[in-house]
Structures are given as structure tokens and as C-alpha cells.
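Everything on this sheet refers to the single structure shown next.
Values quoted throughout were computed directly from the atomic coordinates according to the rules given, and no laboratory measurement underlies them. This is a predicted model, so every value here is computed, not measured. Cβ atoms come from the backbone with ideal geometry, glycine included; neighbour counts cover every protein chain shown.
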Amino acid sequence: MQPRDLSTHATYEAGRGVEEVAREQGRDPDEFVTLSSNENPHGPAPAAVEAIRAAASSAHAYPKASHADLTDRLAEKWDVEPDQVWLGNGGDGAIDYLSRAMLEPDDTVLVPEPGFAYYAMSARFHHGRVRTYELSKDDDFEQDPDSLLAAAECERLLYLTSPHNPSGSTASLETVERIARETADETLVVVDEAYGEFAETESGVALIEGRDGFDARDDVAVIRTFSKAYGLAGVRLGYAVVPGAWADAYARVNTPFAASELACRAGLAAVDDTDHVEQTVDSARWARDYLASTVDAPAWPSGGNFVLFDVGDGAAVAAALQDRGVIVRDCTSFGLPGCIRVSCGTESETKRAADAIDEVLAARD
Ligand code: PMP
């Protein structure tokens, strides 16, 4: 007995965790700064930690039906109806729900290359076909409507990422709107805003709802997550905001109890811990400017909580940094073997990383 042929399926390559690296090198985890997974260096929102503690003693009970208080709060935040908020196990879970809701076998899905690996993985799990559109480093990884529309055929799902991982480029609402308007009627444009809080661009929710001078669209969905600005990556909570006309579709695709009660309690508390989010966003904006202006290597402008650098040989530079106790992301698996992606840390972590990168690059000259 074997599972179906999964040999062509990509596997998810997570950033390397500090425990794994420290164990491998026989070193103390405290010697390292980990800037490889775009996590929140300030930890979870304090209110979320309290909420998890308070909910722990009720962990024997199933979650509240439909997680209504969190979806109601998120609906209020975005000024949409509660049934437009599809909670999932992280942004990844929400991506899966869109695949389930949209894809018939052999439907095609257009994904950015380089880009976040899970779009293609989820499409394949759901028997879709994957096509890619190229983002060029020479054009700052711009999600350019002309070349994207030239690549688009009759996809069922088309992914945009704003800010884009791993480059940090952003797509304006005008770009998203034009792509949605000019692609086939059956194409849903998914704007993945996992790093949305860190950017200066508006959310694609404005297109779904017809705000800011745009007509309301039923062919745009937005992905958001609690993993980044809210510091809850380990809790696994994210959501999609979908068009209003989809009514009961979520009830037909979601896993029973799409998110854990502890995650929902944490999320509900985190949404209103605005001080923590603001501090996180301010600190990330400072860190990305510091990294880009201090490190002696070409960097791309980033709207996220990370910066992509062209260092010539990403694997070698990442390995040398690891020896110096700084863990960054070698971008070879993104198809960018010359690059590293460095997450925004606290002020001291960021300064230490910048110094270490400069030392490594100077030693290679
Ligand atoms: N989208 C992008 C672009 C990401 O980089 C990530 C995580 N790194 C996600 C979605 C999913 O994050 P999560 O499942 O933790 O919400």
C-alpha cells in the first residue's frame, strides 16, 4: 500500500529553527539570533498570552460553534459581514479553504515565481494544475499588471502577494483591481497580505467591498494572518476575507472546528492589543531601513518585516552567518541562490545581524 504519487509535490521548507541549528552545532540556543522566519521579535501580544492562560483550563471542551466572537470582531475590524471571514489554521489553512472552495480537478492556479511555496502545494493537494508567472529581480520583483495579464489564461485562482515574500515588493490596489477586471470571469484573484500590517499599501478588502472609489468585486479574496504582526505564529491562526455573495460556502468546506479555541481566544485578545501591533510595526520599519542602509550589499525595497539582499552566494553567506550565531534565510529554495532574506529583529538583534553580514561579506571580498 502506498499513498498517491506525491513525488512531484514540493515540500514546505520552513526557516531553520534555533534549537535545530544549536543542537547540530553543539551550541547553546541563547548564542543565536533567529532572523529566518519573519517572526515577531517582540513575542506575542501580552493580552494574547493572558487569554491563552485563561482559556487553558477549558481545553477539554470543543470550541464554540463557528468561533462567532472572533469572526464578529474581525468582521467589525474590516467592516464586512461575519460570513465573509473564513478562519483557518494560519494563513496556510485559509489558503487551503480557498482551494477547496474553488478548485475542480485540473483547474489551473497561477502563482508567482519566486514566491510563497504553499500556494502551489495547496493547489496540488486539491488536484489543481500549477502555472507560474515570473517576477524579475531586475524589475524589483514588481507584480506588473501587463506581464501578469500576458501570463494569465483562464485560471481559477491567481495569487498576488503584497508584501511579497521573499522580496518585500507590494502591489497597489490599482494593480490588483486591473488584474481582477481583466482576467477571465472565473478567475479569483487572491491577495495574500500575510505581511500587510508592515506595508503602507491599502488592503484588498477595499476592492471586495467597493471602497476608496472602486466598484465592489466578487472576484477578489484577501488572506491575513496572526503569525506576523500579532506574534502568534505558533498558535496557527489566519483567515480569508471573501466576497459577500459566497454565503454558506465556508460551512461546506471547513474542517470541523477550523481553529482551536485557544487560538481564537488569543486572536480576539491580540486584535485589541493595538499597542503591541503598533510597536511591532514601528520597530520592523526601523529595522528594515537600518538593514537596507547599513549592510553593504544591494537590497530590494521592502514593505514587509524582512529585507532581501543580493550577496552573491546565499548558501555560503548564510552558513558563515550561522557560524557567527546569526540565522538568516538562504533563498536558494526560492530560486534565488544569490540572495539571503533577513527578518527584522529587535534593535540589538538587527544591529548584530547587520554587523555580522558586513563582516562576512568583507571577508569574502
Ligand atoms: N503567506 C506568506 C507570503 C507567508 O510568507 C506566510 C508564512 N511565512 C504565510 C502566508 C502563511 O503564514 P501562516 O500560515 O503562519 O499564517
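Can you give the charge dipole size of region 47-271 about its Cα centre, rounded to the nearest 20 debye, using +1 on the beta carbon of Lys and Arg and -1 on the beta carbon of Asp and Glu?
Working: 19 positive and 39 negative charges, 257 e Å.
So the magnitude is around 1240 debye.
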Per-residue HN-Hα couplings for region 106-118 [Karplus 6.51, -1.76, 1.60; θ = phi - 60°; Hz; x = Gly/Pro] = 6, 4, 9, 10, 9, 10, x, 10, x, x, 5, 5, 6
Sorted by chain and number, the residues with a modelled amide H under 5 Å from that of Arg131, at a separation of 5 or more or across chains, are Val109, Leu110, Val111
Going toward the positive end of the dipole of the chain, with +1 on Lys and Arg Cβ and -1 on Asp and Glu Cβ, which of Gly43, Met102, Ala56 do you reach last?
-> Ala56
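If you put +1 on each Lys and Arg Cβ and -1 on each Asp and Glu Cβ, how big is the dipole of region 145-205 around its Cα centre, in Debye rounded to 20?
On the way: 3 positive and 13 negative charges, 20 e Å.
That gives a dipole near 100 debye.
So for each of 176-186, 218-228 I average, over its residues, the number of other beta carbons within 10 Å; can you give me the resulting order with the highest mean first?
Top to bottom by mean Cβ count within 10 Å: 218-228, 176-186.
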Which ³J(HN,Hα) values in Hz, rounded to whole numbers, follow from the phi angles of region 208-216 under the Karplus curve 6.51 cos²θ - 1.76 cosθ + 1.60, where θ = phi - 60° and Gly and Pro get x?
-> 4, 8, x, 10, 6, x, 9, 6, 5
For region 286-303, in order, what is each residue's ³J(HN,Hα) by Karplus, 6.51 cos²θ - 1.76 cosθ + 1.60 with θ = phi - 60°, in whole Hz (x at glycine and Pro)?
-> 5, 5, 5, 5, 4, 4, 5, 8, 9, 5, 8, 8, x, 10, 9, x, 10, x
Hits among lysines - C-alpha to C-alpha of Lys64 under 22 Å, sequence gap 8 or more where chains match = Lys77
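In nm, what is the difference between 0.36 nm times the number of residues separating Trp286 and Arg252 and their Cα-Cα distance? Numbers along the way, then the final one.
Values: separation 34, 0.36 × 34 = 12.24 nm, distance 4.33 nm.
7.9 nm is the gain from fully extending Trp286 to Arg252.
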Within the chain, cysteines having no neighbouring cysteine beta carbon under 4.7 Å are Cys154, Cys264, Cys344
Cα-based reach from Lys137 at 25 Å (exclusive), listing lysines while leaving out same-chain residues under 8 positions away | Lys228
Quick one: putting +1 on the C-beta of Lys and Arg, -1 on the C-beta of Asp and Glu, what dipole do you get for region 1-74 around its Cα centre, in Debye to the nearest 20?
-> 320 debye
